[in-house]
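Asker: For reference, the structure I am asking about is given below.
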Amino acid sequence: MSIAATRWQVVRRHAEDGESLTQIAQDAGLALRTVQRWNAAYRRDGIAGLTPVEPLKRGRRTHPDLQAFIEGLALSKPRRSIAAIARKAQTKATQQGWPMVSYTTVRSIVGSLDPGMVMLAHHGPVAYRDHFELVWRHRAERANETWQADHTQLDILIVDANHQPVRPWLTVILDDYSRAVCGYMVFVGAPSALNTALALRQGIWPKNHPNWPMCGIPDVLYVDHGPDFTSGHLAQTARDLHFEIIYSTVARPQGRGKIERIFGTLNTELLAELPGYITDGHRHPTPVLTLAELDAAIGAFIAENYHQRDHPELDQTPQQVWLGDGWLPRLPESIDELNLLLLSVAKHRIVRRDGVHFQGLRYVSPLLAAYVKEPVVIRYDPRDISEIRVFHKDQYLCKAVDPDHANATVSLKDVQTARAARRHELRGQINQRIAVVAEPQHTSAPNQTTPVASRPKTPKLRTYFEDD
């Protein structure tokens, strides 16, 4: 039964039988005013008048032009507060004779704007693209097809060779297909082509760790436009090892999301548990670890933790995905060939009778005896310059070691830092000794009140006591 028919059964007793509306309301359990309203509607429009009238949609009774004015203010630069927009809207309504709008109405109008429109209006196309445009996520079809490389500054303070707090950097080489970390490099100082080369060297050459089988030469290296990635050294290495370098679109970080994720994993799961971790509430923690200790901690986490747990997007561990059903990666013929391509090239040196001199150290090898006074090129790993590799006419000759540090690990940064500290110490001693011999400045006598510059000039005509 329709609502109109139900109401008619109530009103009919009055219209046809003449019963009082008061009695009908009591019997039906309705308010007398309701029954009176139904009866009036029936007498006016018949049974059709008993059909419920749809209520008017509740909303803002805002003049369309005033609403457009409010939306325009909300999308204009500089960005205004709701209160400022409401004041301008009320002024506009008064000038045009439109109904006034409240602060709540203005806030509702502004809040109903498309968030993408607001982002584009106030922050530009780049911010809109990064937040609202669809992203196509590409994945390589097999291991070593595409590697990604990038740097990040770690949220931790460590102790450098001069016992000073420093914030280190990390370079990671990531396999796009398996999400496995093929190589990495922890260092102090700005990213450079050398640090990238060292990370690639570790990624390409087989590692001794049983849980780190990733190695080989990639088909593609995907990088950004940093100067270390656009260097001629890396381009020549790519040609010699037969891999392609692809650069990401400028100012488009979406394509590097996978490597950013491993940075986040290391930061939240490893660094947060180490001493010296930087947080918003503790920006200057006390550093404890050295660079070598942090390097060892990151390597152990990658090999024993990250590579051994299921990746949420792969449903397998990165190691399992990289290994697949078994395959042979493409490798250089020898580590010496790889070193020749990737390691830093120092200045040409001459083999002396007591060895090769570099960075204040002396390197010797029995094989150098036949090359005394011959020009050679040396290559070195800045993480450990206790040994160098010597090349003669682009051919690997030998490995020479520093006898004073044969069983120690000495980095180039350590040597440079120690030198700078020594120079600073000597300069301080020099300044102290100079200060001792410097002549003190003469001060004015206590009873001398007239500055030298204000003294009257001596008359040129000489006078004598007898002249007075």
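Asker: Using a cut-off of under 14 Å, list every residue of segment 94-135 whose amide N is near the label point 7 Å from the Cα of H63 along the Cα-to-beta-carbon line.
Answerer: Under cut-off, by backbone N: 94-102.
Asker: Another one. To one decimal place, what Kirkwood hydrodynamic radius in Å is obtained for segment 3-50 from all pairs of distinct Cα atoms?
Answerer: About 10.3 Å for segment 3-50.
Asker: How big is the convex hull of the Cα atoms of segment 146-323, per residue, in Å³?
Answerer: 123 Å³
Asker: Measure off 7 Å from each Cα along the Cα-to-Cβ vector at Y103 and A435, then give the distance between these two points in nanometres to one decimal.
Answerer: 6.2 nm
Asker: Would you mind computing, in nm to one decimal, how far apart the modelled labels at T268 and H123 are, each placed 7 Å from Cα along Cα→Cβ?
Answerer: Here the answer is 2.0 nm between the modelled labels.
Asker: Give me the net charge of V118's neighbourhood, meaning all other residues with Cβ under 15 Å from the Cβ of V118; Lys, Arg count +1, Asp, Glu -1.
Answerer: Net charge in that neighbourhood comes out at +2.
Asker: Name the GluC sites (Glu not before Pro) in segment 109-213 that are in a loop by DSSP and that have at most 12 other C-beta atoms within 10 Å, would you?
Answerer: E133, E141
Asker: Give the cross-link partners of K88 among the aspartates and glutamates, using a straight C-alpha distance below 19 Å as the criterion and excluding same-chain residues fewer than 8 apart.
Answerer: The qualifying aspartates and glutamates are D65, E71.
Asker: Mind ordering 200-206, 102-108 by average Cβ neighbours within 10 Å, highest first?
Answerer: 200-206, 102-108
Asker: Once you put a point 7 Å from the Cα of K88 and another 7 Å from the Cα of V372, both along the Cβ direction, what distance in nm separates them?
Answerer: In this crude spin-label approximation the distance works out to 8.6 nm.
Asker: Using a cut-off of under 17 Å, list every residue of segment 298-342 whose amide N is near the label point 7 Å from the Cα of D240 along the Cα-to-beta-carbon line.
Answerer: Answer for this model: 331-342.
Asker: Over all directions, how big on average is the projection of the convex hull of the alpha-carbon atoms in segment 343-405, in square nanometres?
Answerer: Computed as one quarter of the Cα hull surface, the answer is 3.8 nm².
Asker: Residue separation times 0.36 nm, minus the C-alpha to C-alpha distance between H348 and R142: what's the value?
Answerer: So the chain would gain 70.0 nm between H348 and R142.
Values quoted throughout were computed directly from the atomic coordinates according to the rules given, and no laboratory measurement underlies them. Every value quoted in this text rests on a predicted model; they were computed, and no experiment measured them. With ideal geometry, Cβ positions are generated from the backbone for all residues, glycine too; neighbour counts draw on all protein chains shown.
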